[in-house]
Amino acid sequence: MKRQKRNPADRAFQRGYLAGMQGRDRDSCPHEQTDARSNWMAGWREGRSDQWDGMIGVSSLHRQPL
């Protein structure tokens, strides 16, 4: 059975979320296209918010995108 391609918008969001959780700067966004960049930034904002709320380590596992 063939695997379906992952949705690029979801992947950008996931990568942004992980970058935010790691405390990386928002200027490290690798995307130039508007849609991918906005999805990455939305994930980054959510990841940073979770990091600021103290969701690091095991407590953040339920929030991380798959």
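Brief remarks on what is shown
- Only one of Arg15, Arg6 that is charged (D, E, K, R) and either at pLDDT 85 or above or open to solvent by less than 70 Å² (accessible area, probe 1.4 Å) (or both): Arg15
- Residues in the stretch 28-58 that are assigned to a helix (DSSP H, G or I) and open to solvent by 60 Å² or more (accessible area, probe 1.4 Å) were compared, and the one that is farthest from Phe13 (Cα to Cα) is Val58.
The values are calculated or read from the model by the stated rules, or taken from the named source; none is laboratory data. Treat the numbers as computed from the prediction; the structure is a model and nothing was measured. The accessibility values were calculated without ligands, DNA or RNA, using every heavy atom of the protein model including side chains. Shrake-Rupley method; radii C 1.70, N 1.55, O 1.52, S 1.80 Å.
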